[in-house]
Amino acid sequence: MPADVRCSARLLGLQAQRQRRTAADLKTVTPKAFRSLRELHSFMTTPDMLSNVMNLLPTGTYLMFQILSPLTTNDGTCGGMEKALTSFTLCIFACFCALLAFTDSYVAEDGRLYYGIVTVKGLWNPTLEDSGLADVAGSTYFGGGGKYEIKRQDFVNATLAVAVFMTLTLLSDNVAECFYGSLSPNLKRSVPILVALVIGFIFAFSPPARNGIGFAISTTQISLVSNPVHV
């Protein structure tokens, strides 16, 4: 066999051997090297995470204010009265946005859904008084293993929700024209998107949102009704 043919055959053999080794290495390395990346991608695309972000962001409060803002700002043409009315409306909606972060709900043994405000003792709802329900003292439901007690994360969620709401509303067209006059269009477009993305990313990795007023009831929440015992 000529020398050049033997050399070509040897090169082809070495190349095939190298390809087999590379494929074998990938089979052993991929599960270890990319497992966390796959888990992160799977987590970030789950409906539960998206639902958590939607529950924590003040979308409903923002849309309600957008409906009222043309009236309070006179379509952006503001005098002293319009500025005072818009400022008052902003404060009311910001307080409402913060309050929603401290609301939750539970299903009682009678099958009814009760909303309330979380406190240091439990879920407070005036309609629970004299209801005769289990784990209820006065107007407070103290069951759920501390789930309905106020936590530090509630204050964090309330602060971030108010920050998103104020950023989006203060840079909306009518409000911006009312308070600032001429404002850079690029600033009005970029800042709300940046703030919403950053805080939305934080919310995505926050603990699950409370099932408060106006929020969807989570299908993964703990059951607060014991299974009936059939005799």
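Structure data summary
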| quantity | calculated |
| --- | --- |
| Residue order, fewest to most beta carbons within 10 Å, for 78, 97 | 78, 97 |
| Using θ = phi - 60° and Karplus 6.51 cos²θ - 1.76 cosθ + 1.60, couplings along segment 153-159 (whole Hz; Gly, Pro as x) | 5, 5, 5, 5, 4, 5, 5 |
| Relative contact order %, segment 103-149, counting alpha carbon pairs below 8 Å whose residues are six or more apart | 32 |
| Segment 103-149 shape via C-alpha gyration tensor axes, a/c threshold 1.5 | rounded |
| Rounded to whole Hz, the Karplus (6.51, -1.76, 1.60) HN-Hα couplings of segment 90-104, x for glycine and proline | 4, 5, 4, 5, 5, 5, 5, 4, 5, 4, 4, 5, 9, 9, 8 |
| Charge dipole magnitude, Cβ of K and R +1, D and E -1 - segment 75-185, Cα centre, debye nearest 20 | 320 |
| Burial ordering of 169, 159, 140, fewest other beta-carbon atoms within 10 Å first | 159, 140, 169 |
| Fewest-first sequence of 130, 173 by Cβ atoms within 10 Å of each Cβ | 130, 173 |
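Any read-out appearing in this document is the output of simple, stated calculations on the displayed coordinates, not a laboratory observation. Since we're looking at a predicted model, the values are computed, not measured. Because the Cβ atoms are built from the backbone with ideal geometry, glycine has one as well, and the counts that use them run over all protein chains shown.
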